[in-house]
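The values are calculated or read from the model by the stated rules, or taken from the named source; none is laboratory data. Since the structure is predicted, the reported quantities are computational estimates derived from the model, not experimental observations. Note that we place each Cβ from the backbone using ideal geometry, even for glycine, and neighbour counts take in every protein chain shown. Keep in mind that these areas ignore ligands, DNA and RNA; they rest on the heavy atoms of the full protein, side chains included. Shrake-Rupley method; radii C 1.70, N 1.55, O 1.52, S 1.80 Å.
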Amino acid sequence: MKRILSIPLLLLSIGTYAQTAKQIVLTKGQEITIITNASGDADMGMGMTLTNTSNITSQMIVIGEDENNYSITKSLTNLKMSMEGFGQNMEFNSDNQEDKESEIGKKISAKINTPDTFLINKKTGKATSTKKDVDYNDNPAAISGIAMGNNEGKDGIEDAFFIINTDKKVGDSWMESSTNKKVTSKKTYTIKSIDNDIAVVEVKGSIEGETEQEMQGSTIIMNTESKIEGNITTNIKTGLVYMSLINADMTGNVNAMDQQMSITSKSTTTTLFNQ
């Protein structure tokens, strides 16, 4: 499932250099709508497969700032998903009252239009929640996201920001790595073009490690490695992302209900940031 951002000429230009921001530039009251479309298929051996599609819409609002951070609220406003696997068929549409009244629907619905507040570091774009991390237990969207190899970021909010250092120009590459709990991410970025303050950046890398989730009373442990590649389109003066497209090719194993299964999957995640 893909959506295409229509920005005339942005992806066709081959600018060579432009002045870039030293930090994220936001204004109080600014709103950003995040639309994420993801789809993928996983093969778990012995004829077991997992198919997942999802469409998630969220709203970010800048509510304040201090010397080092912006304060931002993020609310999940709409969720549509379908997952078939683990011997179950699960569908959820936050617009459907019947879906909202199911056992899983009640847990997800409690998050709809319920804002969480984050501090966004102006120089790094890293997010810090003002309360404990969101609990994804029994959330099929989170489980399927990990299974497809495309689940990372502080509740997805960090994906809205991408800062290019002032000394970078078209053709330059650099590497970044990070570790969150038991998951390590390593990525190489290459600037493909810059035009009218809009940069297209190629990303390649890997995400590997162990994740553990509770789902309907069972503990699911996944040890996976995902090879990722894609593009990020970002404003070099504000550090705000317009679009990201990430393809993930994942291998690993899943331990659930005292059984271990190998898993491979391919997925595509397209995210639009409407400002």
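Structure summary
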read-out	value
Surface accessible to a 1.4 Å probe, D95 within the full protein complex, Å²	110
Over the range 55-137, equivalent-ellipsoid semi-axes from the Cα gyration tensor in Å	31, 13, 11
Chain lengthening between N223 and K182 when straightened (0.36 nm per residue, less Cα-Cα)	13.8 nm
Calculated over the range 222-269: convex hull of Cα atoms, volume per residue (Å³)	89
Accessible surface of the range 171-223, 1.4 Å probe, proportion on carbon and sulfur as whole %	42
Listed residue pairs exceeding 23 Å between alpha carbons, taken from K74/K107; K74/K266; K74/K168; K28/K181; K169/K227	K74/K266; K74/K168; K28/K181; K169/K227
Distance cut-off 17 Å, percentage of C-alpha pairs in the range 18-82 lying past it	62
Spin-label pair N165/N78, simplified geometry with 7 Å Cα→Cβ offset, distance in nm	4.0
Accessible area per residue, Å², the range 191-253 with all protein chains present, probe 1.4 Å	39
